Amino acid sequence: MALVKLSLYGTFLSLSEEEEEEERNEDEVANLKGTIVSLNDALHQAQGYNRKLRTAHLALQRKYAQLQKTVQVFGTAEPLAPLQTSEAGPSCSPGFPDYVATFNVLLEDFRKLQERPDPSPKLLNNVQSKLHRIKQFIGWMSHGKTRLGRLECLCDVDRVRKWVKYQRASKMALTTILHYLKNVRQFLVYIQEIPPDASHIKKGDLKRVIRELTASIRSWSRPVVIHQLKVKEKKDKTMHSIKDLRKCRRLALVAIPKVIAKLEEEHTTLDRNKLSGYVLAYLASFYGHRLGVFLNLTDEQVSKAVHGVEENDYLIKVENHKTNESYGTAKMLLTDREYGWLLFIMRIKQELAKGGEVSRFVFFNTTFFQDKNLTKYLKSAWSEMQLGGQATFTSLRSAVATFARNRHGEYSQDRKKMAQLMCHSTKTADKYYTMDMTMEQARRGRQLFEQAQEERPMKRLQQESTPPKSEVIKRQELLVTNCVVQCIDG
């Protein structure tokens with residue numbers, strides 16, 4: 001009986017466990033069914049959202065198509081932003097609205113006009129700087145305004161004045177600020193002459209803005225001149241002396257053959273750059289040419305140099321330089337020894353290239369293309385020669401131009417000939433390169449004032465002040481005399 005009871009009890013326990021497991025399974029199934037129902041509800045809700053989003057998307061596409069048709073006339077509108085109440089305008093220059101098609105097309109046309117068909121790297125860089133300044137101006141004028149494609153935002157005279165004040169309060173150099181004003185005025189004059197189709201600017205409004213900028217430029221000229229005089233004064237204190245220039249060439253004449261001998265034995269980039277530095281220091285301290293003249297000196301120009309048989313010298317003509325439109329080629333007359341230095345550099349280039357592609361420029365880098373580190377080599381050579389100050393092509397040019405004026409006289413023909421060889425006018429030299437009066441020149445000026453106030457007989461003074469007769473008057477007098485003679489003979 002006991003065994004029967006135990007077996008029945010075990011059976012009962014197994015049945016209870018199965019029932020509990022079935023109940024758990026039923027609960028899990030019920031939970032899963034509930035989850036499925038909730039997911040179905042969420043799916044239906046998401047499908048409803050998708051239908052709404054699809055409808056909204058189609059509406060936006062239709063709206064976008066309509067805006068595309070009108071954007072060429074009105075341009076896109078910038079969201080309204082609170083205008084600055086400060087008299088000086090925003091605390092910093094706002095960004096250029098590059099999303100406005102009218103501005104982009106206008107600036108692209110202006111860029112093409114400025115670059116011209118065959119721009120030089122220098123011109124490309126200048127145009128890029130000019131566009132950067134104009135974009136800053138447009139960003140300032142368009143800040144917080146709408147319908148920018150109509151260009152009416154550029155004719156706010158009050159905001160132009162605030163922009164000018166902002167520029168003056170900035171930490172930029174005075175000459176840079178003047179460039180900003182002139183570039184913006186040039187851009188507005190371009191709009192005035194060739195107004196875009198989308199423009200709604202009135203001619204009178206644009207004239208007022210241009211007149212405002214012109215007045216600002218005139219008022220800014222005086223501080224700029226004073227600034228330039230201060231810069232010249234600083235240059236005067238650090239200007240190379242005649243002794244430095246002559247010593248530079250004397251030391252270079254000794255150093256160059258030694259460097260060439262080392263390169264003949266074993267070529268190294270360091271020695272080649274050293275040779276370039278000494279040659280550049282020698283030629284720049286004598287002729288005062290700009291960096292661009294040496295940078296653009298080609299093998300062909302050296303090879304085709306005009307040979308003077310009598311003096312055994314060579315005339316090299318460099319075509320591509322800053323002022324070639326006004327002065328033609330930049331010229332250097334070299335002795336046979338100086339000419340040989342350039343030929344040696346060209347020979348090294350051909351030997352190292354081993355028949356490969358090489359630069360057409362004389363001064364080359366490790367990849368056999370135009371070397372743009374010539375100023376670095378010049379400074380290094382100047383430092384190795386232990387000369388005063390720090391030399392650049394501009395500082396050497398300034399010194400050469402100054403000594404030409406001081407030695408040959410301000411209005412002498414010799415000075416004009418030197419300026420012609422340096423490819424600049426004497427007016428340019430006086431403005432940018434030459435420095436203040438020396439003590440000797442000031443003393444001569446004082447003597448002129450003293451002579452002007454000396455007591456002299458009035459008749460003599462009048463005779464001395466009588467201007468010479470012009471060639472036209474002389475020819476007229478000669479013609480009258482001939483007519484009188486013919487009448488008497490007749």
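So here's what we get for this one:
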| read-out | value |
| --- | --- |
| In the range 157-173, the residues that are in contact with a helix residue (DSSP H, G or I) (Cβ under 9 Å, 6 or more places away or on another chain) and under 16 Å from R211 (Cα atoms) | V157, R159, V160, R161, K162, W163, V164 |
| Pair list, Cβ < 8 Å and 6+ apart or interchain, from the range 358-373 residues that are surrounded by fewer than 16 Cβ atoms within 10 Å (Cβ to Cβ) to residues that are among the aromatic types (F, W, Y) and outside any strand (DSSP E or B) | none |
| Close pairs from the range 377-398: first assigned to a helix (DSSP H, G or I), partner among the aromatic types (F, W, Y), Cβ under 6 Å, at least 6 apart | A381/Y278; S398/Y433 |
| Residue check, K135 exposed (fewer than 15 other Cβ atoms within 10 Å of the Cβ), at pLDDT 90 or above, outside any loop (DSSP other than H, G, I, E, B) and of a type in the set (K, R) | no |
| Test result for V184, surrounded by 15 or more Cβ atoms within 10 Å (Cβ to Cβ) and under 30 Å from E325 (Cα atoms) | yes |
| Filter result for L151 (at positive phi and buried (at least 18 other Cβ atoms within 10 Å of the Cβ)) | yes |
| Search result, residues across the range 187-237 that are modelled with pLDDT under 85, surrounded by 16 or more Cβ atoms within 10 Å (Cβ to Cβ) and over 18 Å from V164 (Cα atoms) | K232, K235 |
| Selection within the range 264-284 - surrounded by 17 or more Cβ atoms within 10 Å (Cβ to Cβ) and not charged (D, E, K, R) | N273, L275, S276, G277, Y278, V279, L280, A281, Y282, L283, A284 |
| Strands (runs of 3 or more DSSP E) wholly inside the range 285-347 containing at least 3 residues that are surrounded by 19 or more Cβ atoms within 10 Å (Cβ to Cβ) and in the same structural domain as S359 (by TED's automatic domain parsing) | 313-318, 330-335 |
| Members of the range 105-143 found to be polar (S, T, N, Q) and within 17 Å of S199 (Cα to Cα), listed by number | S142 |
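Let's see how each residue does on (1) of a type outside the set (D, E); (2) not assigned by TED's automatic domain parsing to the domain that holds G389:
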{"residue": "L213", "(1), (2)": "yes, yes"}
{"residue": "C248", "(1), (2)": "yes, no"}
{"residue": "E264", "(1), (2)": "no, no"}
{"residue": "G277", "(1), (2)": "yes, no"}
{"residue": "L283", "(1), (2)": "yes, no"}
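The values are calculated or read from the model by the stated rules, or taken from the named source; none is laboratory data. None of these values were measured; they are calculated from a predicted model. For neighbour counting, all protein chains shown are included, and Cβ atoms are generated from backbone atoms with ideal geometry for every residue, glycine included.
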